[in-house]
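Quick notes on the structure that follows.
The values are calculated or read from the model by the stated rules, or taken from the named source; none is laboratory data. Bear in mind that the values here come from a model prediction, so they are computed numbers and not experimental data. Every residue, glycine as well, gets a Cβ built from its backbone with ideal geometry; the counts of neighbours run over all protein chains shown.
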Amino acid sequence: MVQDCGRNMVDCRDPEYTARMSGAQLPMLIAMLACPVCKQQGLQVAPGSEAQQNPPEWLVCRHCNLRYPIVDGIAVLLAERAK
(Lines give C-alpha, C1' and ligand atoms only; values in the text may rest on other atoms or scores of the structure.)
Protein backbone atom coordinates (compact mmCIF):
# COMPACT_ATOMS: atom_id res chain seq x y z
CA MET A 1 0.00 0.00 0.00
CA VAL A 2 1.40 3.36 -0.97
CA GLN A 3 0.64 6.37 1.20
CA ASP A 4 1.18 10.04 0.57
CA CYS A 5 3.29 11.19 3.52
CA GLY A 6 3.77 14.80 2.55
CA ARG A 7 6.35 15.24 -0.17
CA ASN A 8 7.28 11.55 -0.39
CA MET A 9 5.27 8.51 -1.38
CA VAL A 10 5.93 5.61 1.00
CA ASP A 11 5.23 1.90 0.57
CA CYS A 12 4.19 0.81 4.07
CA ARG A 13 5.21 -2.77 3.27
CA ASP A 14 8.79 -1.63 2.69
CA PRO A 15 11.00 -3.23 5.40
CA GLU A 16 13.09 -0.07 5.63
CA TYR A 17 9.97 2.03 6.39
CA THR A 18 8.80 -0.54 8.95
CA ALA A 19 12.21 -0.52 10.64
CA ARG A 20 12.14 3.28 10.92
CA MET A 21 8.61 3.26 12.35
CA SER A 22 9.41 0.52 14.86
CA GLY A 23 12.05 2.74 16.45
CA ALA A 24 11.26 5.52 18.90
CA GLN A 25 8.15 6.78 17.07
CA LEU A 26 6.04 3.63 17.24
CA PRO A 27 5.68 3.36 21.04
CA MET A 28 4.75 7.05 21.16
CA LEU A 29 2.08 6.55 18.48
CA ILE A 30 0.67 3.47 20.22
CA ALA A 31 0.47 5.32 23.55
CA MET A 32 -1.73 7.94 21.84
CA LEU A 33 -4.32 5.32 20.86
CA ALA A 34 -7.44 5.11 23.02
CA CYS A 35 -9.15 1.93 24.17
CA PRO A 36 -12.45 1.55 22.31
CA VAL A 37 -14.19 0.34 25.49
CA CYS A 38 -13.01 2.63 28.32
CA LYS A 39 -11.94 5.50 25.99
CA GLN A 40 -8.67 6.02 27.90
CA GLN A 41 -5.32 6.58 26.20
CA GLY A 42 -2.44 4.35 27.12
CA LEU A 43 -2.43 1.15 25.11
CA GLN A 44 0.80 -0.79 25.29
CA VAL A 45 2.26 -3.66 23.30
CA ALA A 46 2.29 -7.08 24.91
CA PRO A 47 5.28 -8.95 23.51
CA GLY A 48 4.96 -12.26 21.72
CA SER A 49 6.74 -15.36 22.89
CA GLU A 50 10.42 -14.55 23.44
CA ALA A 51 11.42 -18.21 23.04
CA GLN A 52 9.98 -18.33 19.52
CA GLN A 53 10.90 -14.71 18.70
CA ASN A 54 7.32 -14.00 17.66
CA PRO A 55 6.15 -10.48 16.94
CA PRO A 56 3.77 -8.77 19.38
CA GLU A 57 0.35 -10.39 19.53
CA TRP A 58 -1.70 -7.93 21.60
CA LEU A 59 -2.25 -4.29 22.46
CA VAL A 60 -3.26 -4.06 26.12
CA CYS A 61 -5.19 -1.23 27.79
CA ARG A 62 -3.44 -0.15 31.00
CA HIS A 63 -6.75 1.03 32.48
CA CYS A 64 -9.25 -1.79 31.90
CA ASN A 65 -6.75 -4.57 31.00
CA LEU A 66 -8.57 -5.54 27.82
CA ARG A 67 -6.37 -7.05 25.10
CA TYR A 68 -6.78 -6.31 21.40
CA PRO A 69 -5.25 -8.72 18.87
CA ILE A 70 -2.57 -7.77 16.37
CA VAL A 71 -3.28 -9.71 13.16
CA ASP A 72 -0.67 -9.65 10.39
CA GLY A 73 0.88 -6.56 11.97
CA ILE A 74 -2.44 -4.67 12.21
CA ALA A 75 -4.06 -3.90 15.56
CA VAL A 76 -7.74 -4.84 15.59
CA LEU A 77 -9.24 -2.22 17.91
CA LEU A 78 -12.79 -3.51 17.94
CA ALA A 79 -14.66 -3.91 21.24
CA GLU A 80 -16.11 -7.24 20.11
CA ARG A 81 -12.60 -8.65 19.50
CA ALA A 82 -11.24 -7.59 22.93
CA LYS A 83 -10.45 -10.23 25.54
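Quick look at the numbers
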item	result
Residue selected from the range 10-43 under the condition under 18 Å from Asp72 (Cα atoms) and among the small types (Gly, Ala, Ser), by the criterion modelled with the highest pLDDT	Ala19
Pairs with Cβ under 7 Å, 6+ apart, first in the range 24-40 and part of a helix (DSSP H, G or I) and surrounded by 15 or more Cβ atoms within 10 Å (Cβ to Cβ), second of a type in the set (A, V, I, L, M) and modelled with pLDDT of 80 or more	Ile30/Leu43; Ile30/Val45; Ile30/Leu59
Matching residues, the range 65-77, being exposed (fewer than 14 other Cβ atoms within 10 Å of the Cβ) and over 13 Å from the mean Cα position of the chain (by Cα)	Asn65
